[in-house]
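**Q** Sharing a structure, written as structure tokens. Questions coming.
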Amino acid sequence: MKRPHWAEAGRHTLAAIGVLPLASTAAGATIPDPSTGVHLSITGVDAGEATCPSCAARSGNAAFVAVVEDLRLLFACPSCLQVTWLSGA
Ligand SMILES: [Zn+2]
């Protein structure tokens, strides 16, 4: 059984924003959809360097969240503390 990938830095960013308790594990974790508030099932969290589409700040700790319900990624910015949809690169 393949375990979903959860990057530690990404998890910390999500916890800082408040969308995810720091102690949460991959199993059953959800994140609210920034536009509808509907909870989406997280399949993986990654962290990396990216420029925020919302505040344009560049961060090495940006979190990318993959969810079951949507093919796009959620982008969590540690600078402006916003979660936005990434409309595909
Ligand atoms: Zn931002």
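**Q** Do you know which residues across the range 52-89 are near the ligand (Cβ under 10 Å from one of its atoms), surrounded by 14 or more Cβ atoms within 10 Å (Cβ to Cβ) and assigned to a strand (DSSP E or B)?
**A** Within the range 52-89, Ser59, Ala62, Phe75, Ala76, Val83, Thr84 qualify.
**Q** Would you please name the residue that is farthest from Val19 (Cα to Cα), looking only at residues in the range 39-49 that are within 16 Å of the ligand (Cβ to nearest atom) and surrounded by fewer than 19 Cβ atoms within 10 Å (Cβ to Cβ)?
**A** Ranking the candidates gives Glu49 first.
Just so you know, all these numbers are worked out from the coordinates, no wet-lab data involved. Please read these numbers as outputs of a predicted model, since none were measured by experiment. Here Cβ is always computed from backbone atoms with ideal geometry, including for glycine, and neighbour counts include all displayed protein chains.
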